[in-house]
Number of protein chains: 2
Amino acid sequence: NILKVIEQNENQPQPLKGKRILITAGPTKESVDVVRYFTNHSSGKMGYALAQEAKKLGASVTLVSGPVQLDPVPGVEVVQVTTADEMYEAVIDRFEEQDMVIKAAAVADYRPKDAINQKLKKKDGPLVLELERTKDILKTLGEKKDHQYLVGFAAETNDLIHYGRQKLEKKNLDAIVVNDIGNQHIGFQSDENEVHVLTRSGQEKALPLGSKQDIANQLFEIFIEDMMGETN
Amino acid sequence: NILKVIEQNENQPQPLKGKRILITAGPTKESVDVVRYFTNHSSGKMGYALAQEAKKLGASVTLVSGPVQLDPVPGVEVVQVTTADEMYEAVIDRFEEQDMVIKAAAVADYRPKDAINQKLKKKDGPLVLELERTKDILKTLGEKKDHQYLVGFAAETNDLIHYGRQKLEKKNLDAIVVNDIGNQHIGFQSDENEVHVLTRSGQEKALPLGSKQDIANQLFEIFIEDMMGETN
């Protein structure tokens, strides 16, 4: 019943009360022309689960979301974006006031160099598409950060720990969550996940298969402990 | 009430009774690597509306559908596909026994030449992606057809009638439905549409803005009349 739910919520410890957390989720879409675009298999589920968990733990949560097919998270401010460029602007604009930023979105690394406003006409034979790098949001945050606890995600098919540790160092992160996307049963579209977490402070934990909500819960336990440790 | 609905359905004329119709709908997805892919803005709504209408008019309907976020159409056989290649196979395999084929799907014209099984590693600077043409389903059907009434769709930003007529001739179609995708208010993701219909027999009709269900209804009126006219 409702009273019980309120009671439970009141009894729920709120270690993130007073904290501002920004989470990014979902894919981005990069236009080739008015019809065609480039994107990726991110469903946004992991980011939305993290936003829900952060809210439950008492934080003020902003979710910067690419185009996804998910219900909004009650009590969480959502900023809708489509392209990598829009996501960059939305995140950088709000970075200063955050205590924690978790970049769970699968932002396009590349976009077509010259998106056209008409529809590309078909030709016989092959076509060469020139792609350019989008701005690296996580790297920019790593360079700008002063007090923020910064978490990245990595999706790897091989050498998970090696590439994860490398990315953590290179982007100046506090923690990184590594997805094994070589494993067909988990990740992107799935409701479940199984990840490795590495922290700057040297922790390395494997979180076994669980719902994305469970994984989100365990991730926050690790981040909060690590963040508190750092400030002591 | 229910009785009234049944009565209406029984009184509904069924000019397509005994006919087999195959309709394609939605986009296709073409992998760049295990994470990234190429697709387009097709929602599948127009194709699903056509399938529903064909069913209502008494036809045996097969819907070959790319990945969409739509509810299945009751009483319609659905064949789910992801890539242009899969759609080609699904349609060609079933072409012989059809009386009418409507290709409403927005099949990718190009796909990455070498999709890779790992995740593409980021590099500094631009990237060149080689694309190759997918097999042209509509053209193949136009070459193979003997008794089938064949309908194509065209999405154009300019010179609608010119490009529509050209495509009708080139692909040996019986009719073509031209969408003006330069008009932001209609088409792809919208529940409404506004189209031009051209037939091989020389008809040219503009169907003004209406729900995709209304448009589907009017399109079948034109196709049925045209098909009957042809066989007389």
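Tabulated results
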| read-out | value |
| --- | --- |
| Subset of segment A:71-97 [surrounded by fewer than 22 Cβ atoms within 10 Å (Cβ to Cβ) and more than 20 Å from A:Glu30 (Cα to Cα)] | A:Asp71, A:Pro72, A:Pro74, A:Gly75, A:Val76, A:Glu77, A:Val78, A:Asp93, A:Arg94, A:Phe95, A:Glu96, A:Glu97 |
| Counted residues, segment A:138-162 - those being away from chain B (no Cβ under 13 Å) and aliphatic (A, V, I, L, M) | 4 |
| Residue list for segment A:64-106, filter: away from chain B (no Cβ under 14 Å), more than 20 Å from A:Lys19 (Cβ to Cβ) and part of a helix (DSSP H, G or I) | A:Asp85, A:Glu86, A:Met87, A:Tyr88, A:Glu89 |
| A:Ala175 more than 14 Å from chain B (Cβ to nearest Cβ), farther than 22 Å from A:Ala25 by Cβ and not polar (S, T, N, Q) | no |
| Matching residues, segment B:18-39, being surrounded by 21 or more Cβ atoms within 10 Å (Cβ to Cβ), over 21 Å from the mean Cα position of the chain (by Cα) and in a loop (DSSP other than H, G, I, E, B) | B:Val32, B:Val34, B:Val35 |
| Yes/no for B:Gln118 being under 30 Å from B:Ala206 (Cβ atoms), at pLDDT below 95, over 16 Å from the mean Cα position of the chain (by Cα) and within 13 Å of chain A (Cβ to nearest Cβ) | no |
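The values are calculated or read from the model by the stated rules, or taken from the named source; none is laboratory data. What you see is a predicted model; the values in this text were computed from it and never measured. Cβ coordinates were reconstructed from backbone atoms using ideal geometry, including for glycine residues, and neighbour counts include every protein chain displayed.
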